[in-house]
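Novice: Below is the structure I would like to discuss, written out as structure tokens.
Derivation of every value follows stated rules applied to the coordinates shown; laboratory data play no part. Since the model is a prediction, treat every value here as computed from it, not as a measurement. Glycine also receives a Cβ, built like all others from the backbone with ideal geometry; neighbour counts cover every protein chain displayed.
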Amino acid sequence: MKPEMETFEANPIIAAVKDEQQLETALRTDCDIVFLLFGSVCSICSLVERVKAAGKMAFVHLDLTQGLAAREVSADFVRDYAHADGVISTRPQLVRRARDLGLMTVLRVFLVDSISLDSLRREIDACGPDLIELMPGLMPKVIRRVCASTSVPVITGGLISDKEDVMAALSAGAMCVSTTCEALWMDP
């Protein structure tokens, strides 16, 4: 297990930030992990620098960073120039490249039906992520099923808006949850 995984184990709440204002709030919280869900090739380096200067781990969502192509070189850019701790992507080839570069990796998966649930194993095998982020995060029965079927730690995210949602996801086996709900960042 990568040493950084201990940070995930110790932090049940991940601050997922979607704009500058949320980033400022996240930097003042006890959340030790920040998922950057915004930015561009012009700003991502400084955003990561701010997160790391606050003593937190910075993860860049490759799919949501404007100007980054859905090409493997995006992972190289984030490692070599932004110096992020890790990446998030829905694209297995980007996750695989980032993993090969030594970055922490989160494969984000949208589970919308039984077909997407059935294809999850193939996606995991294709890229070997450090963590899987299941979206939406309000599916305890499905979270339990996924956790039982893989040794890859699970994060849940999407639509998590109160402590009850967090507790349900954690009770179902998720290691932690990512949320844009600032109130939850303050009450881990």
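Novice: Need one number for the range 115-188: average projected area of the convex hull over its C-alpha atoms, nm². Mind showing how you got there, number by number?
Specialist: Details: hull surface 19.1 nm².
Result: a mean projected hull area of 4.8 nm².
Novice: Next question. Given the DSSP H assignment, sum -39500 (n - 2.57) over each helix run of at least 4 residues in the chain and divide by its residue total; what's the result at 222 nm in deg cm²/dmol, nearest 500? Present the calculation step by step, with values, prior to reporting the outcome.
Specialist: Details: 9 runs with 76 residues, N = 188.
Counting only the DSSP helices, I get -11000 deg cm²/dmol.
Novice: Modelled label-to-label distance, residue 52 and residue 10, 7 Å Cα→beta-carbon offset: nm?
Specialist: 1.9
Novice: Continuing with this model, one more query. Compute the distance in nm between two label points, each set 7 Å from the Cα along the Cα-to-Cβ direction, one at residue 112 and one at residue 83.
Specialist: Placing both labels 7 Å along Cα→Cβ, they lie 3.9 nm apart.
Novice: Still on this structure, please answer the following. Restricting to Cα pairs below 8 Å that are 6+ residues apart, what does the relative contact order work out to for the chain? Please round to a whole percent.
Specialist: 21
Novice: Taking the convex hull of the Cα atoms, report for the chain its projected area averaged over all directions, in nm².
Specialist: For the chain, the mean projected area of the Cα convex hull comes to 9.4 nm².
Novice: Size of the range 1-74 along its principal axes in angstrom, Cα-based, largest extent first?
Specialist: Dimensions of the range 1-74 along the principal axes of its Cα atoms: 33, 31, 18 Å.
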